[in-house]
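Engineer: What follows is a structure written as structure tokens; I'll ask about it next.
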Amino acid sequence: MSHDCSHPTGPAGIYPFDARGVAKRFRHAAIFGALDALAPGEIMRFCNDHDPLPLLQQINHYYGARIKASYVAREPGQVVIDFLVAA
């Protein structure tokens, strides 16, 4: 499934986060800050140029079951993950 993060459209409660535009040294702090800002039931649609497996481990370790991650797209150069805040 292809998704173009340069056009942030979607239903209410889905907030785009394009990590490709954030300096690498700030990315994880910005991602965790964005996740902390979400209310239960909201989704952060995360876009990146690579599969962020270490980041996913960090998120799982820090948030546990509170954040659910599901891939929207998992293609070379275009990875899109929805992070849902559990209610």
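Engineer: Note down the magnitude of the dipole of region 8-51 about its Cα centre, charges +1 on Lys and Arg C-beta and -1 on Asp and Glu C-beta and zero elsewhere, to the nearest 20 debye.
Structural biologist: Computed about the Cα centre, the dipole is about 180 debye.
Engineer: Given +1 on the Cβ of Lys and Arg, -1 on the Cβ of Asp and Glu, and no further charges, what dipole in debye does region 14-85 carry about its Cα centre, rounded to the nearest 20?
Structural biologist: Result for region 14-85 is approximately 160 debye, rounded to the nearest 20.
Engineer: At 222 nm, what value in deg cm²/dmol follows for the chain if DSSP H runs of at least 4 each add -39500 (n - 2.57) and the sum is divided by all its residues, to the nearest 500?
Structural biologist: -7500 deg cm²/dmol, from helical runs alone.
Engineer: What order do you get for His50, His28 when you list them from fewest to most C-beta neighbours inside 10 Å?
Structural biologist: His50, His28
Engineer: Another one. Computed from the coordinates I sent, Rg/Rh (Cα atoms, Kirkwood Rh) equals one of [x] 1.73; [y] 0.92; [z] 1.69. Tell me the label.
Structural biologist: Given [x] 1.73; [y] 0.92; [z] 1.69, the calculated one carries the label [y].
Bear in mind these aren't lab numbers, they're just calculated from the coordinates by the rules spelled out. Computed from a predicted model, the values in this text were never measured in an experiment. Don't worry about glycine lacking a Cβ; one is built from the backbone with ideal geometry, like all the others, and counts go over all protein chains shown.
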